[in-house]
Amino acid sequence: MHEVYLDYNGSAPLDPRVAEAMIPALESGVGNASSVHRFGQRQAADVADARERVASLVGASPSGVIFCAGATEANNLALIGLAEGTPAERTRIVISAVEHASVREPAQWLHEQGKAKVDVVGVTQGGFVDLDELDSLLGSDVLAVSVMAANSETGVLNPLAEVAERAASVGAVFHCDATQLVGRLPLSMDETAIDLISMSSHKICGPGGVGALLGTRHSIARLRPVTHGGGHERGLRSGSLNVAGIVGLGAAAELVAKERDAESARVEDLRDRLIDGLNTQLSGVRENGDATLRLPNTASVRFKGADAEAVVFNMDPVAISTGSACSSGSIEPSHVLLAMGLSRDEAFESVRFSLGRFTTEEEIETAVQQAVNSVEYVREMNEGDN
């Protein structure tokens, strides 16, 4: 049976067009982009071109693009970098209950080091941040508010403009982990008034190991470096630049900017066909999160009475996930689903389908049939054990 990959939120396949764009930098890209000789300056020109493409994708200024190893590093630089440069009167960071570990853990580290107090704002049963609860946590002592654009497990979208307005009202920096939304739906730093955005190349069919933190002039000025050394990337991220990876990120950014709207509509139709097929052929199918306010490619689905790990294992050769890829293998249920009010048992019955650029109609048909077979088999095994 043909392999089917439906785990794009974990990592998207590299687009061959991006790989082709990277070949010159890989084969003849000798020289350090920080060097003044002609070899280095050719490298620097490639980086500058990519910087413009990445900035354009989210309505940022090229001077506000800090290249990193990925969104995890970008999130760490945003939170720790802000805390290291914080005014004495700004002692608190507010994050949402459904943030990725690369936001939650740096925040927790800052708390343990006595560098910042951390408050966690809950989410509604639909999965988006509770604005009333956010209001109750904000004050003049808040340094930063960190709320993701779209959740990696459920695809649920957060009300970014409303969060930005509330953060600005108390003078806090609004940081947004936009890893899942960038390239799938429009996002503008200027129009939404976001101060800092984290993104990752491998979520938009670019190469792995490269990403960016994008910020306004004022927010970038408030950061302090987390990595020290040669003073690269405006002194905020030392280390010789991964030129080939950055070129790939720039190419991937340009492609999604051109193809995003049409591709998102196509993928959304496939996602809806998938859900319709599951509902038609199986009982006890429930979608987690607000189905009217989510990414076009994502569906978090609960199969009542079927353990998710067992379902995923028996889906082979169709690849899906039990939740955020970074928490796979954990014996604990998804913190995202628990924050939304699901019980532990319900969370353990939930899987994630995430589609993308190379998903086809035939693959959706295969996925539906494999899911039906897998769920029915797991349910039968459960009944036999009782």
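Answer rounded, prolate or oblate for the range 187-233, using the Cα gyration tensor with square roots of eigenvalues a ≥ b ≥ c: rounded when a/c is under 1.5, else prolate when a/b is larger than b/c, else oblate.
Since a/c reaches 1.5 but b/c is at least a/b, the shape of the range 187-233 is classed as oblate.
How much of the DSSP beta bridge set in the range 63-215 is antiparallel, as a percent to the nearest 5?
Details: 11 of 26 bridges.
Within the range 63-215, antiparallel bridges account for around 40 percent of the total.
Which of Ser146, Thr124, Ser136 sits farthest toward the positive end of the charge dipole of the range 115-155, with +1 on the Cβ of Lys and Arg and -1 on the Cβ of Asp and Glu?
Of Ser146, Thr124, Ser136, it is Ser146.
Quantify, in whole percent, the carbon and sulfur part of the accessible surface of the chain (1.4 Å probe; protein heavy atoms only).
On the way: 8010 of 16240 Å².
Carbon and sulfur together cover 49 percent of it.
So which residue, out of Ser11, Ser188, Ser152, gets the largest mean-square fluctuation from a GNM of the chain using Cα contacts under 10 Å as springs?
Ser188
Please state the charge dipole magnitude for the range 152-305, taken about the Cα centre, from unit charges on C-beta atoms (+1 on K and R, -1 on D and E), reported in debye and rounded to the nearest 20. It would help to have the intermediate numbers written out before the result.
Numbers: 17 positive and 18 negative charges, 99 e Å.
About 480 debye.
How high is the FRET efficiency between Gln41 and Ala265 when r is their beta carbon distance and R₀ equals 41 Å, given to the nearest 0.05? Walk me through the intermediate numbers first.
Details: r = 42 Å, r/R0 = 1.02.
The computed FRET efficiency comes out at 0.50.
Tell me the GluC sites (Glu not before Pro) within the range 84-171 that lie in a loop according to DSSP and have at most 16 other beta-carbon atoms within 10 Å. It would help to have the intermediate numbers written out before the result.
Details: sites: Glu84, Glu89, Glu99, Glu112, Glu133, Glu153, Glu162, Glu165; in loops: Glu89, Glu99, Glu153.
Answer by residue number: Glu89.
Compute, for the range 128-222, the length of the dipole vector about the Cα centre, with Cβ point charges of +1 (Lys, Arg) and -1 (Asp, Glu) only. Units Debye, rounded to 20. Kindly include the intermediate steps, with their values, before the conclusion.
Details: 5 positive and 12 negative charges, 110 e Å.
Once rounded to the nearest 20, the dipole reads 520 debye.
Checking the a/c ratio against 1.5 first, then a/b against b/c, what shape does the Cα gyration tensor give for the chain?
Numbers: a/c = 2.10, a/b = 1.31, b/c = 1.61.
Oblate, since a/c reaches 1.5 and b/c is not below a/b.
Using only protein heavy atoms and a 1.4 Å probe, report how much of Val103 is accessible, in Å² to the nearest 10.
Approximately 0 Å² of Val103 is accessible to the 1.4 Å probe.
What is the helix-to-structure angle for 71-84, meaning the angle in degrees between its Cα long axis and the longest Cα principal axis of the chain, kept from 0 to 90 and rounded to the nearest 10?
Computed tilt is about 50 degrees.
Roughly how many Å² is the accessible area per residue of the range 122-163, as a whole number, for a 1.4 Å probe? Don't skip to the answer; put the middle values down first.
Values: 1250 Å² over 42 residues.
Accessible surface, normalised per residue, equals 30 Å².
So what is the relative contact order for the range 266-352, in percent, with contacts set as C-alpha pairs under 8 Å and at least six apart? All intermediate terms of the calculation are to be shown ahead of the outcome.
On the way: 91 pairs, mean separation 27.0, N = 87.
Answer for the range 266-352 is 31 percent.
Could you give the size of the charge dipole of the chain about its Cα centre, using +1 on the Cβ of each K and R and -1 on the Cβ of each D and E, expressed in debye and rounded to the nearest 20?
Values: 31 positive and 53 negative charges, 333 e Å.
It comes to approximately 1600 debye.
Given labels modelled 7 Å from the Cα in the Cβ direction, how far is it in nm from Asp132 to His218?
Output for this residue pair reads 3.1 nm.
Classify the range 176-288 as rounded, prolate or oblate from the Cα gyration tensor: take a ≥ b ≥ c as the square roots of its eigenvalues, call it rounded if a/c is under 1.5, otherwise prolate when a/b beats b/c and oblate if not. Don't skip to the answer; put the middle values down first.
On the way: a/c = 2.48, a/b = 2.18, b/c = 1.14.
Cα axes put the range 176-288 in the prolate bin.
Dipole of the chain (Lys/Arg Cβ +1, Asp/Glu Cβ -1, origin at the Cα centre): which of Ser240, Ala291, Leu214 lies farthest to the positive side?
Final value for the positive-end residue is Ser240.
The values are calculated or read from the model by the stated rules, or taken from the named source; none is laboratory data. Please read these numbers as outputs of a predicted model, since none were measured by experiment. Glycine gets a Cβ as well: all are built from the backbone with ideal geometry, and neighbour counts include every protein chain shown. Quick note on the areas: whole protein, heavy atoms, side chains included, nothing else; ligands and nucleic acids left out. Shrake-Rupley method; radii C 1.70, N 1.55, O 1.52, S 1.80 Å.
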